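Undergrad: Shown below is the structure under consideration.
The values are calculated or read from the model by the stated rules, or taken from the named source; none is laboratory data. Remember, predicted model here, so these are calculated numbers, not experimental data. Here Cβ is always computed from backbone atoms with ideal geometry, including for glycine, and neighbour counts include all displayed protein chains. Surface areas here come from the heavy atoms of the whole protein model, side chains and all, with no ligands, DNA or RNA. Shrake-Rupley method; radii C 1.70, N 1.55, O 1.52, S 1.80 Å.
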Amino acid sequence: MATILGIESSCDETAAAVVRDGREVLSSVVHSQIAEHAVYGGVVPEIAGRSHLEKILPVIDGALEQAGLDFDGLDAIAVTQRPGLIGSLLVGLSTAKALAFTRGLPLVGVHHIEAHVYAATMEAQEDPYPCIALVVSGGHTTLYRALSPLEIVPLATTLDDAAGEAFDKVAWLLGLSYPGGPSVSALAAKGNREAVRFPRYRAKDGSIGFSFSGLKTAVLYHLRGGDALAATPAPEDIEAPADVAASFEEAVVDTLTDQTLRAAREAGLSRVIVSGGVACNRRLRDLMHERAAHDDIRVHFPSPAYCTDNAVMIAGLGNELLLAGRVLDWSADALAR
Ligand code: KG4
Ligand code: ZN
């Protein structure tokens, strides 16, 4: 039995959670900085670092209080060590080190992306390994072959933008709020996803992979009426914006689903995990389940609260690291990559 405090601060969420044995969630607190970054249309690293510094101790206190525990009730502290914004990671790691050192607790350093994969296994009714894992967020769109929680090998990634980034940019073109994923998909629900046939990326050599910059440009040219050199219309002058949102969303979701299921078939694996912020997307969930059923592939998505950045997944994977004896020493550093 291990009760672990998880701490996450790699990007724009300050989060802490207490999890028992990698599965039983005793508490979860997330402070989102979205409002602080929204006016800039994206995450500003300096603002993120400062906000983490202000919020990290209240968020940790909140998680302990919600769990009804103090530090004596903990067996270890797990913290996101990589990858992420370096200034933000350092706030979490330094705090975790100070708390672990002064309380005599072991400290484990978690890989944020591996934790996103682990999130999808925490609520699963079956052992999902071995599987293909797609981590799709504002910063990542990568496929992995996952043999166990700590054996995760990258297979293919995006050549340019992450899928979440494409949602954010198209939201900006359509005059929708940041972050773009939720606002584009809310508008898409009112549109016709077959209205515009936007391009789906396929590598020339047939290999598995992603690219979203061509799609983003296709949306831009569509809005300019096919004239690449025309001015981009103001959001209020865009014709049938819901159809554009729905057709764009369909192109992203079609590509993610197609490449992920191809990876599973080629690897001969019958299970798939999808995680990261974009995994909240309703259409992605529906299409992935629908197509996977055809191939007898089972798909696991975490609940939406565990798709976006959270500390439950950090404490969860931290439990595996602790069991494997992979404890950090006090000189351990944060790594941006
Ligand atoms: O995992 P996450 O919270 O942060 C990282 O990027 O690590 O993911 C945030 C991303 C944003 O780009 C946001 O637009 C996207 O996830 N997102 C969505 C949806 N909800 C959040 N994208 C598509 N559909 C959604 N419903
Ligand atoms: Zn993330």
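Undergrad: Which of the GluC sites (Glu not before Pro) found in segment 177-244 are loop residues per DSSP with 12 or fewer other Cβ atoms within 10 Å of their Cβ? Walk me through the numbers before you get to the answer.
TA: Details: sites: Glu194, Glu236, Glu239; in loops: Glu194, Glu239.
Taking segment 177-244 and a limit of 12 other Cβ atoms within 10 Å, the loop GluC sites (Glu not before Pro) found are Glu194, Glu239.
Undergrad: Suppose we take every Cα in segment 214-276 and form the convex hull; what volume per residue is that in Å³?
TA: Working: hull volume 7.0 nm³, N = 63.
In segment 214-276, the Cα convex hull volume per residue is 111 Å³.
Undergrad: Placing unit charges on C-beta atoms (Lys and Arg positive, Asp and Glu negative, everything else neutral), compute the dipole magnitude of the chain about its Cα centre in debye, rounded to 20. Mind showing how you got there, number by number?
TA: Working: 27 positive and 42 negative charges, 122 e Å.
It comes to approximately 580 debye.
Undergrad: Does anyone have the angle between helix 45-67 and the longest principal axis of the chain? Alpha-carbon axes, 0 to 90°, nearest 10?
TA: Long axis of 45-67 versus the principal axis of the chain: about 60 degrees.
Undergrad: Please grab the % of Cα pairs in segment 127-301 that end up more than 28 Å from each other. Intermediate values should be presented prior to the final figure.
TA: On the way: 3452 of 15225 pairs.
Value for segment 127-301 (Cα pairs over 28 Å): 23 percent.
Undergrad: How much net charge surrounds Pro179 when only the other residues with a Cβ under 12 Å from the Cβ of Pro179 are counted, with Lys and Arg +1 and Asp and Glu -1? Intermediate values should be presented prior to the final figure.
TA: On the way: positive: Lys169; negative: Asp12, Glu13, Glu165, Asp168, Asp309.
Spelling it out: positives minus negatives among the neighbours equals -4.
Undergrad: Also, quick follow-up: Carbon-plus-sulfur fraction of the accessible area of segment 1-141, 1.4 Å probe, in percent?
TA: Details: 2900 of 5420 Å².
That share works out to 54 percent.
Undergrad: Then there's this: Please compute the alpha carbon radius of gyration of the chain, then divide it by the globular-protein estimate 2.2 N^0.38 Å. Two decimals is fine. Intermediate results must be reported in sequence, preceding the final value.
TA: Working: Rg = 20.4 Å, N = 337, 2.2 N^0.38 = 20.1 Å.
In units of the 2.2 N^0.38 Å rule of thumb, it is 1.02.
Undergrad: Through the Karplus equation 6.51 cos²θ - 1.76 cosθ + 1.60, θ set to phi - 60°, convert the phi angles of segment 302-310 into ³J(HN,Hα) values in whole Hz; use x for Gly and Pro.
TA: In residue order, the calculated couplings are x, 4, x, 5, 9, 7, 6, 4, 7 Hz.
Undergrad: Could you derive backbone 3J(HN,Hα) for segment 285-301 from the dihedral phi with the Karplus parameters 6.51, -1.76 and 1.60 (θ = phi - 60°), listing whole Hz in sequence and x where the residue is Gly or Pro?
TA: The phi angles translate into 4, 5, 5, 4, 5, 4, 6, 5, 4, 4, 9, 6, 10, 9, 10, 10, 10 Hz.
Undergrad: Continuing with this model, one more query. Under the rule of -39500 (n - 2.57) per DSSP H run of 4 or more residues, summed and divided by the residues of the chain, what mean residue ellipticity at 222 nm is obtained, to the nearest 500 deg cm²/dmol? All intermediate terms of the calculation are to be shown ahead of the outcome.
TA: Numbers: 11 runs with 144 residues, N = 337.
Helix contribution divided over all residues of the chain: -13500 deg cm²/dmol.
Undergrad: Below 8 Å between Cα atoms, with a sequence gap of 6+, how large is the relative contact order for segment 127-301 in percent?
TA: Numbers: 328 pairs, mean separation 48.3, N = 175.
Normalised by residue count, the contact order of segment 127-301 is 28 percent.
Undergrad: Percent antiparallel among DSSP beta bridges with both residues in the chain, to the nearest 5?
TA: Working: 26 of 43 bridges.
Of those bridges, close to 60 percent are antiparallel.
Undergrad: Averaged per residue, what accessible surface does the chain expose to a 1.4 Å probe, in Å²?
TA: On the way: 14520 Å² over 337 residues.
On a per-residue basis, 43 Å².
Undergrad: For the Cα atoms of the chain, what angle does the longest principal axis make with the long axis of helix 86-103, in degrees from 0 to 90, nearest 10?
TA: 20 degrees
Undergrad: Would you work out which of Gly49, Val278, Val18 lies farthest towards the positive end of the dipole of the chain? Charges go on Cβ: Lys and Arg +1, Asp and Glu -1.
TA: It is Val278.
Undergrad: Looking at segment 127-301 only, what percent of DSSP beta bridges run antiparallel? Nearest 5 please. Can you show the working numbers first?
TA: Values: 12 of 20 bridges.
Taking every DSSP beta bridge within segment 127-301, about 60 percent pair in antiparallel fashion.
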